[in-house]
Structure formats: C-alpha cells, structure tokens
Amino acid sequence: MKNALSDKQKRRNDVILLLVLVILAAALFCGLELSKEEGAYVLVVIDGETCAQYPLSEDREVRIDAKNGSYNVLTIRGGEASVSAAGCPDLVCARHRAVKAAGETIVCLPNKLVIRIVGAGEGVDFAV
Amino acid sequence: MNTRTKKVALGGMLVAAAMMMSYLESLLPISLGIPGIKPGLANMVVIFAMVRLGVRPAAAISLVRVVLMSILFGSVSAAMYSLAGAVLSLAVMALLHKTGWFSTLGVSICGAVSHNAGQIVVAALMLETKEIVYYFPALAISGVVTGVLIGVLAALLLRYVPGKW
C-alpha cells in the first residue's frame, strides 16, 4: 500500500519544517541574547574543584597544568576568555570561540578542565 | 552469490563509504568554535541506506561506522558524543521516513539537527554545563544548513546510483 503523499506535498512539508526550525532558532537566539548576563569572573575548575578565579576585566595568560601531565593555556583578553593553547589530543577547547557571558564555559574533557564565566554576584571564594 | 552474502558485502561497503566521509570531514579545517557541530557527511550514506535497504541496515551501518571511527581515530569523549548524535539522528530519521510526510530533504534536515542535538546534550551532561542552551540556536541553524546540503547529496545518490539495492 503506497503512502498517499505526493512529492509536491512532501516538498511543502519540508519547507514548513525548515521554516519552523529557523523561526524557533531565531526566537531562542533572541531570547538567550536578551537574558544573557554579563560575565565578571573566570573560574578555573580542575576535576570538579575550583582552583582559581580571575576577573574578566584584567588581561592575563595563565598556564594550567592538568593532572594527567598535559596543559591548557587560559587567555583573558578584551573581556573574553579563551584557551589559546593546549596539549590535549582533541583540541576542542582550543578551537572553541572566546566566552564572556555568565554561564558560558570552555571544557577540556581529556584534561578535566572547565573554564567557567560567572557573573558579578557569583564570584566565589578567593581573590587572586 | 546468495543474498545474505550480498547484504553483508553491501553493508561493509557502505560502512567503508561512511567512514571515508567521516574521515574527510575530520580533515576539513571548518570549525564554528562550538564543539560537536560538523557537516555530518556520513549521514549521506546512512540516508541512502535507509531508503534503499531499510532502517535496520542503515542503523547497523551508522553504528558500526561510529564504533570503528572512534577506535581508529577518536578519543573516548569523541566516541560518546558521536554515538549519542548517531543514535538520536537515526531514531529521528527512521521515524520521519516511516511517516512518509517529508522528502529526503526534510529527513536529512531533522537528522542533522538531531545529530547535533544528541552530541550537545551528551556534552552538557558530561561537563555538567546547564547553560548548554546557549548552543541550541547555532545547532539548529547549522543543522538546517548541513541537513539541506546532505539531503541534496543523498537525493542525488538515490537518483543516480543504479541497481535494485
């Protein structure tokens, strides 16, 4: 028993699907952009433990040594944080775009490193 | 040659094709700066298999491809993302294909988006980042773009590759 939808109808459905996805994405994008909170600090979390905290406002370069012998280089510049170099095998962290809004993260799974941006209200324990 | 042997050989060939696509993709220096968003060229083969051979062979080909690629080229983390993406993508594509409401293009688009979604959700769970939501718009848009591209290619394959398979 052949399904009754013709090619034309299928094509029409495709277009509707496409439009719905694009509109959803656009709406989500706008919503997120509007609710984004400005980042204030960069948290360095190694294997679940917060090891360091740096203000986003101060440019700096920090070499973070991982427990497995590898490393990541955190670069804070122009109010953004990024991983400028790393010794991990996949380099997903290094290719990640710079982060600056509260909640954004850059993760290096092999080195168990999470670079997390937090807002002004959430700055934790120590000053560096 | 009996049909069973034929099927095995065919499956193997398509797995190889899918792996080639995957490998090719890894050579391309394209990156949006967001982990897990890829062109998904291997999906072309999966869709082809799904239409010509059926959902089960397509699923087998897709999963074998992921496993082999991660053994040969990938890290454990990459393997998990890939697997999640492939499984979700397969489920979505099989479902849509069965309903017959969409053409290959629609199926491909949803496959691409769900592949990205699967990868990102796993990434979020593994990295305990709740703010993964930030990635969704990019994932949807890039899924649509790559989905269209792969869908067109898959449609071409389906039209021009001769044979009863």
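The values are calculated or read from the model by the stated rules, or taken from the named source; none is laboratory data. Given the structure is predicted, the values throughout are model-derived calculations rather than measurements. Ideal geometry is used to build each Cβ from the backbone, glycine not excepted, and the neighbour counts take in all protein chains shown. These area figures cover heavy atoms from the full protein model, side chains too; ligands, DNA and RNA do not enter into them. Shrake-Rupley method; radii C 1.70, N 1.55, O 1.52, S 1.80 Å.
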All positions within segment B:67-85 that are buried (at least 21 other Cβ atoms within 10 Å of the Cβ) and over 30 Å from A:ASP14 (Cβ atoms): B:SER77, B:ALA78
- prompt: So which residues in segment A:97-124 are closer than 16 Å to A:TYR71 by Cβ and out of contact with any helix residue (DSSP H, G or I) (no Cβ under 9 Å at 6 or more places or on another chain), if there are any at all?
  reply: A:LYS112
query: Mind checking whether some residue in segment B:39-59 is modelled with pLDDT of 85 or more, in contact with a Phe, Trp or Tyr (Cβ under 6 Å, 6 or more places away or on another chain) and either aromatic (Phe, Trp, Tyr) or open to solvent by less than 60 Å² (accessible area, probe 1.4 Å) (or both)?
result: yes
field: Number of the exception - B:LEU88 against (1) open to solvent by less than 30 Å² (accessible area, probe 1.4 Å); (2) hydrophobic (A, V, I, L, M, F, W, C); (3) at pLDDT 90 or above; (4) under 29 Å from A:GLY48 (Cα atoms)
entry: (1)
statement: Note: among A:VAL20, A:VAL15, just one is facing chain B (nearest Cβ under 9 Å) and part of a helix (DSSP H, G or I), namely A:VAL15
field: Breaking point among (1) facing chain B (nearest Cβ under 7 Å); (2) closer than 24 Å to A:ILE117 by Cα, for A:CYS30
entry: (1)
- request: Could you figure out which of (1) more than 21 Å from A:ALA120 (Cα to Cα); (2) surrounded by 12 or more Cβ atoms within 10 Å (Cβ to Cβ) isn't true of A:ALA27?
  value: (2)
Filtered residue count, segment B:100-128, keeping only those that are β-branched (Val, Ile, Thr) and open to solvent by 10 Å² or more (accessible area, probe 1.4 Å): 4
task: Could you grab the pairs with beta carbons closer than 9 Å, sequence gap of 6+ or different chains, first residue in segment A:48-63 and farther than 12 Å from A:VAL114 by Cβ, second one part of a loop (DSSP other than H, G, I, E, B) and of a type in the set (Asp, Glu)?
output: A:GLN53/A:ASP125
